[in-house]
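Reading through the structure tokens given below for one structure.
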Amino acid sequence: MIMSKTLFLLSFLVFQSLSANPLAEQFKQLGYSEICNKEQGSETFDSLYAHFDEFIAFLQKNPSWAKKLYIAKERFIRSKERNYYSTDFFGFYDESEKEGRKQIAFYYSTHFHEFVCSRYKEFNEVPEITLFLDTCRNIQNPFGTLFQQAASEIGLETIFSSEYGEPPVLFKVIKYLPSYNVLRPHYDGTVFSFFLDSTDNQSLLLSPYKSLFTVDDFFSPIRVFPRETKKSSILIIPGTFLAEFSIFPTPHIVTKSGQTRYAAIAFAMRPNYTAQKNEFSLLPAFSH
């Protein structure tokens, strides 16, 4: 495990040495930075999505288990560990019947995983659940180290300080259905968002922060590192939790494609943080 984290860190450091601009300047000019994930490629993420489909199918066929998971989530967000992540987004969100949204997502964290499996031991007997959760844990494990390194690059070494000694990682897996059609970009309530993988990279559009946005400001980043079997591209964008340090969030949108797609994102959260009331630039509506 230490070796895996070290390889990720080396990947980040090599990227920084090749870049002419500091990370904060890349955020300002481009809205993002890119690094190479040398440990996880299409093989890893396609396996994750297959397990996610099995997990979804089980919960949709067994709504009583979906209800148990929801109850577990409601209990977890009242626990002490919830404050480590400063969010209430955990667990399973099935919006497959919601007009426009048409997506299914799962928000994973190690503390939520441990909470569910220790308080609701019956979950440990369901392979569709345990295999999916274990896969999420293994994939998200190295990113706390990278989040800390990214924070150091922008001079915020202590932003993740907490009793747990490492950044809080919230890992999201999403399945976009063919009729998914969200019309407006959004900002992430995070420190950083790492776009780890997508089966359709071209559908992600973003823009560096501006005082005034138009639809034409949004573009699909050209990836230096392609999606390969054993390695892939990671895009890093800043979230709203950095605004007080004059690093403004990158708005982004996943556009309609008419296809079933999957994506995986790791969010760097901020321990014991109450979001400030900031007025960010209004975002334009897309028409599809």
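None of the figures in this text is laboratory data; all of them are computed from the coordinates on show. Note that the structure is a prediction, hence the values are computed from the model and not measured. A quick note on method: Cβ atoms are made from the backbone with ideal geometry, for glycine too, and the neighbour counts reach across all protein chains shown.
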Compactness relative to 2.2 N^0.38 Å, alpha carbon Rg of region 215-288: 1.38
Top of Lys38, Lys80, Lys68 by mean-square fluctuation, Gaussian network on the chain, Cα under 10 Å: Lys80
Segment Asn278-Glu54, extension gain: residue separation times 0.36 nm, minus the distance between their alpha carbons: 76.6 nm
³J(HN,Hα), Karplus 6.51/-1.76/1.60, whole Hz, each residue of region 176-185, x for Gly, Pro: 8, 7, x, 8, 4, 7, 7, 9, 10, x
FRET E, pair Glu43, Asn21, Förster distance 25 Å, beta-carbon r, rounded to 0.05: 0.20
Under the Karplus curve 6.51 cos²θ - 1.76 cosθ + 1.60, θ = phi - 60°, whole-Hz ³J(HN,Hα) for region 200-216, x wherever Gly or Pro sits: 8, 4, 5, 7, 8, 10, 8, 8, x, 5, 9, 6, 9, 10, 10, 4, 5
Spatially near lysine pairs across region 41-140, Cα under 22 Å, sequence gap of 8 or more or different chains: 14
More than 16 Å apart - percent of Cα-Cα pairs taken over region 113-192: 68
Label-point separation in nm, Glu125 to Gln202, each point 7 Å along Cα→Cβ: 4.9
Computed label-point distance, nm, for sites Val215 and Phe286 using a 7 Å Cα→Cβ extension: 1.0
Set of lysines near Lys210 by C-alpha distance (under 16 Å), chain-local residues within fewer than 8 positions excluded: Lys28
Extension gain from Phe245 to Ser161, taking 0.36 nm per residue of separation minus the Cα-Cα distance: 28.6 nm
Among Gln26, Gln103, Gln276, residue whose mean-square fluctuation peaks in a GNM of the chain (springs only between Cα atoms under 10 Å): Gln276
Orientation-averaged projected area, Cα convex hull of the chain (nm²): 14.7
Residue among Phe194, Phe123, Phe27 with the largest mean-square fluctuation in a Gaussian network model of the chain, springs linking Cα atoms under 10 Å: Phe123
